[in-house]
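Q: First the structure, which I've put down as structure tokens, then a few questions once you've had a look.
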Amino acid sequence: MVCAARIVESVPDLDAKFYSATQTMDEARHAELYSRFLHEKIGMLYPINDNLQSLLGDTLRDSRWDMPTSGCRC
């Protein structure tokens, strides 16, 4: 979700910003649903892996506008 939001602020044109904003909302819904599933059905939450957190951090800090797209695929 954070990677998708980062794309909104960094893409070069308005149409791309609209598309990315829609993707951000979709990611937020996915995160909410998955969180509810883990909490209500499984009864536990799993913390983010240190390596994945490092990878996502690297993609978010990169100044190129297309790098957060890779983070969305993690």
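All of the numbers you see were taken from the coordinates with simple rules; none came from a lab. For clarity, every value in this text was computed on a predicted model and none was experimentally measured. Reconstructed Cβ throughout: ideal geometry from the backbone, glycine too, with neighbour counts over all protein chains shown.
Q: In the set ARG36, ARG6, ARG61, which member is of a type in the set (D, E, K, R) and touching a helix residue (DSSP H, G or I) at 6+ places or on another chain (Cβ under 6 Å)? Lay out the reasoning, then the answer.
A: Values: ARG36 fails: touching a helix residue (DSSP H, G or I) at 6+ places or on another chain (Cβ under 6 Å); ARG61 fails: touching a helix residue (DSSP H, G or I) at 6+ places or on another chain (Cβ under 6 Å).
None of the other options fit; the residue is ARG6.
Q: To continue, here is another question. Hey, does region 39-49 have a residue that's surrounded by fewer than 10 Cβ atoms within 10 Å (Cβ to Cβ) and of a type in the set (Gly, Ala, Ser)?
A: Scanning region 39-49, I find at least one residue that is surrounded by fewer than 10 Cβ atoms within 10 Å (Cβ to Cβ) and of a type in the set (Gly, Ala, Ser), so the answer is yes.
Q: State whether the residues of region 11-30 include one that is surrounded by 11 or more Cβ atoms within 10 Å (Cβ to Cβ), among the acidic types (Asp, Glu) and out of contact with any Lys or Arg (no Cβ under 9 Å at 6 or more places or on another chain).
A: yes
Q: Only one of LEU33, LEU52, LEU60 is in contact (Cβ under 8 Å) with a residue 12 or more places away in the chain, part of a helix (DSSP H, G or I) and exposed (fewer than 13 other Cβ atoms within 10 Å of the Cβ). Can you tell me which? Full working, then the answer.
A: On the way: LEU33 fails: in contact (Cβ under 8 Å) with a residue 12 or more places away in the chain; LEU60 fails: exposed (fewer than 13 other Cβ atoms within 10 Å of the Cβ).
Being in contact (Cβ under 8 Å) with a residue 12 or more places away in the chain, part of a helix (DSSP H, G or I) and exposed (fewer than 13 other Cβ atoms within 10 Å of the Cβ) holds for just one of LEU33, LEU52, LEU60, which is LEU52.
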